[in-house]
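Notes for the one structure printed next.
The values are calculated or read from the model by the stated rules, or taken from the named source; none is laboratory data. The structure displayed is predicted, hence computed values, not measured ones. Here the Cβ is made from the backbone with ideal geometry for all residues, glycine too, and neighbour counts use every protein chain on show.
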């Protein structure tokens with residue numbers, strides 16, 4: 001029997017989810033998959049609660065909630081992370097087209113779109 005702890009974990013509102021799958025890629029641990037046309041957390045022990053999936057959801061279907069869940073399993077996540085890195089495709093800043101290989105990227109929603117922005121362009125977006 002698995003031990004549970006109180007921690008943050010992704011919650012997906014199926015009524016808001018359109019099944020686009022944009023949230024699957026940012027989840028390095030592979031906790032989210034599209035099943036029957038909806039995003040689902042398939043294994044709670046793979047969800048680290050970091051929330052990288054939240055910012056890319058175009059419908060706002062993903063949130064973090066604090067609740068009882070099994071502990072995050074680093075050992076189970078390691079081979080999934082390694083496999084994803086093997087087929088890694090760099091994302092690019094929507095503003096300057098910098099690759100995440102060149103600068104850190106953050107998820108951002110702008111004018112209704114979910115996209116990526118580099119840390120060099122972010123201050124201009126914040127301050128105008």
Legend entry - Counted residues, region 4-20 - those being in contact with a strand residue (DSSP E or B) (Cβ under 7 Å, 6 or more places away or on another chain) and either not in a strand (DSSP E or B) or not assigned by TED's automatic domain parsing to the domain that holds residue 74 (or both): 3
Inset, instruction - For residue 70, indicate whether it is free of Cβ contacts under 8 Å to residues at least 40 places away in the same chain and either under 24 Å from residue 2 (Cβ atoms) or crowded, with 19+ Cβ neighbours inside 10 Å (or both). - result: no
Inset, instruction - Using the structure shown, decide if residue 79 is without any contact (Cβ under 8 Å) to a residue 24 or more places away in the chain and farther than 15 Å from residue 124 by Cα. - result: yes
Inset, instruction - Quickly run through region 105-119 and pick out the residues that are more than 22 Å from residue 12 (Cα to Cα) and surrounded by 13 or more Cβ atoms within 10 Å (Cβ to Cβ). - result: 105, 117, 118
Inset, instruction - Would you mind stating whether residue 44 is within 22 Å of residue 8 (Cβ to Cβ), touching a residue at least 60 places away in the same chain (Cβ under 8 Å) and assigned by TED's automatic domain parsing to the domain that holds residue 12? - result: no
Inset, instruction - Please find, within region 31-41, the residue that is nearest to residue 68 (Cα to Cα) out of those that are over 13 Å from the mean Cα position of the chain (by Cα) and without any contact (Cβ under 8 Å) to a residue 12 or more places away in the chain. - result: 35
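Tell me whether region 47-57 contains one or more residues that are touching a residue at least 12 places away in the same chain (Cβ under 8 Å), in contact with a strand residue (DSSP E or B) (Cβ under 6 Å, 6 or more places away or on another chain) and either over 14 Å from residue 12 (Cα atoms) or loosely packed, with under 11 Cβ neighbours inside 10 Å (or both).
Scanning region 47-57, I find no residue that is touching a residue at least 12 places away in the same chain (Cβ under 8 Å), in contact with a strand residue (DSSP E or B) (Cβ under 6 Å, 6 or more places away or on another chain) and either over 14 Å from residue 12 (Cα atoms) or loosely packed, with under 11 Cβ neighbours inside 10 Å (or both), so the answer is no.
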Legend entry - Within region 21-46, tally of residues that are outside any strand (DSSP E or B) and either out of contact with any strand residue (DSSP E or B) (no Cβ under 7 Å at 6 or more places or on another chain) or within 19 Å of residue 85 (Cβ to Cβ) (or both): 13
